[in-house]
Amino acid sequence: MAITAQSVKELREMTGCGMMDCKKALSETNGDMDKAVEYLRENGLAKAAKKAGRIAAEGLVTTYTEGNVSVVVEVNAETDFVAKNEQFTDFVNTVAKAVAEHNPADVEELKTVSVDGTTIGDMLTEKIATIGENMNIRRFARFEGDCVTYVHGEGKIGVIVKFDTDVASKPGFEEMGKDVCMQITAMNAPYLNRESVPADVVEHEKEILTVQAMNEGKPEEIAKKMVMGRINKFYKENCLLEQEFVKNGDMNIKQYIESVAKELGGKIELSEYVRMEKGEGIEKKEDDFAAEVASMIK
């Protein structure tokens with residue numbers, strides 16, 4: 001696989017490593033980006049443990065709550081300009097409300113839901129024709145129970161956190177929930193706790209950390225013992241309940257929730273959560289602006 005300046009730049013952005021280190025990593029791994037990240041980590045060079053989702057597509061993420069039902073949806077459009085269009089935002093809100101009220105199994109079933117005599121699918125088609133941009137209802141999540149929601153950056157990120165609690169109506173619960181939502185927004189933990197991390201992910205991490213320790217000159221047996229300490233760091237960075245609370249570094253999220261539960265005189269346990277980031281994982285086509293202008297002149 002050819003190694004280009006773009007691939008070196010991309011690896012550098014993903015890992016925080018120097019340009020020459022990135023170039024060498026790609027050379028050693030025949031241009032394989034994922035293997036290059038592992039190579040850098042094994043040699044103690046990479047600052048990032050995971051590949052960040054590429055954010056490119058425009059659109060809007062929003063949340064909606066009705067009674068004990070909370071919803072987060074993502075609807076994509078081609079440009080940021082259209083994403084701020086009132087017709088588009090109204091449509092996204094209609095979609096969110098439809099998910100809450102009808103509980104569809106997936107996006108295809110959602111498109112068959114009728115609102116005021118028109119299906120969501122037909123509404124989408126009409127908006128595409130009226131606004132003049134391609135649009136897509138990408139995904140949604142729907143929770144029932146005691147939830148707290150949060151939307152960041154005018155629709156860039158949406159979060160729902162569900163709690164098992166008997167103090168949801170007490171002052172202080174909502175504030176705690178917002179704090180947890182903002183933690184998820186900022187730190188993007190992929191797992192709730194260490195029990196939810198798949199075994200193969202843990203084993204793979206241990207393999208990388210072992211090679212990393214041996215590359216530091218440690219004997220294999222010593223390296224394996226060092227890994228146990230380092231895997232705990234992995235849990236603290238990737239498991240929400242073990243993450244350091246960004247507003248108070250003296251406690252983790254689990255301890256923060258427990259302290260609020262004690263203060264309110266009841267039980268609060270974090271059951272599940274979802275975080276949606278606009279355009280996450282969608283690679284947007286990069287148009288050649290000069291070529292576009294030239295074609296318009298022709």
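Selection of segment 179-199 for residues being part of a loop (DSSP other than H, G, I, E, B) and either among the aromatic types (Phe, Trp, Tyr) or touching a Lys or Arg at 6+ places or on another chain (Cβ under 9 Å) (or both) yields Asn188, Ala189, Pro190, Asn193. Ala294 meets each of the listed conditions (1) more than 29 Å from the chain's Cα centre (by Cα); (2) open to solvent by 50 Å² or more (accessible area, probe 1.4 Å); (3) at pLDDT below 95 apart from (2).
Restricting attention to segment 215-246, the residues that are within 29 Å of Cys181 (Cα to Cα) and either part of a loop (DSSP other than H, G, I, E, B) or of a type outside the set (A, V, I, L, M, F, W, C) (or both) add up to 13. The test for being surrounded by 18 or more Cβ atoms within 10 Å (Cβ to Cβ), outside any helix (DSSP H, G or I) and in contact with a strand residue (DSSP E or B) (Cβ under 8 Å, 6 or more places away or on another chain) holds for Phe140.
Filtered by the rule that a residue be open to solvent by less than 30 Å² (accessible area, probe 1.4 Å), in a helix (DSSP H, G or I) and of a type outside the set (Ser, Thr, Tyr), segment 15-32 gives Cys22, Ala25, Leu26. For segment 110-120, the criterion of a residue being open to solvent by 30 Å² or more (accessible area, probe 1.4 Å), outside any strand (DSSP E or B) and of a type in the set (Val, Ile, Thr) is satisfied by at least one position.
Looking across segment 182-192 at every residue that is surrounded by 13 or more Cβ atoms within 10 Å (Cβ to Cβ) and in contact (Cβ under 8 Å) with a residue 60 or more places away in the chain, the one that is nearest to Glu242 (Cα to Cα) is identified as Leu192.
In segment 1-14, the qualifying residues are those that are of a type in the set (Val, Ile, Thr) and in contact with a helix residue (DSSP H, G or I) (Cβ under 7 Å, 6 or more places away or on another chain), and the one that is least open to solvent (accessible area, probe 1.4 Å) is Val8.
Considering only residues in segment 226-241 that are more than 15 Å from Glu203 (Cβ to Cβ) and not basic (Lys, Arg), the one that is surrounded by the fewest Cβ atoms within 10 Å (Cβ to Cβ) turns out to be Gly229. Can you confirm whether Gly158 is buried (at least 17 other Cβ atoms within 10 Å of the Cβ) and assigned to a strand (DSSP E or B)? Yes: the conditions hold for Gly158. Within segment 57-95, being open to solvent by 60 Å² or more (accessible area, probe 1.4 Å), of a type outside the set (S, T, N, Q) and in a helix (DSSP H, G or I) holds for Asp80, Phe81, Glu86, Asp90.
The values are calculated or read from the model by the stated rules, or taken from the named source; none is laboratory data. All values derive from a computational prediction rather than experimental measurement. Because the Cβ atoms are built from the backbone with ideal geometry, glycine has one as well, and the counts that use them run over all protein chains shown. Please note that ligands, DNA and RNA were not included when accessible areas were found on the heavy atoms of the full protein model with its side chains. Shrake-Rupley method; radii C 1.70, N 1.55, O 1.52, S 1.80 Å.
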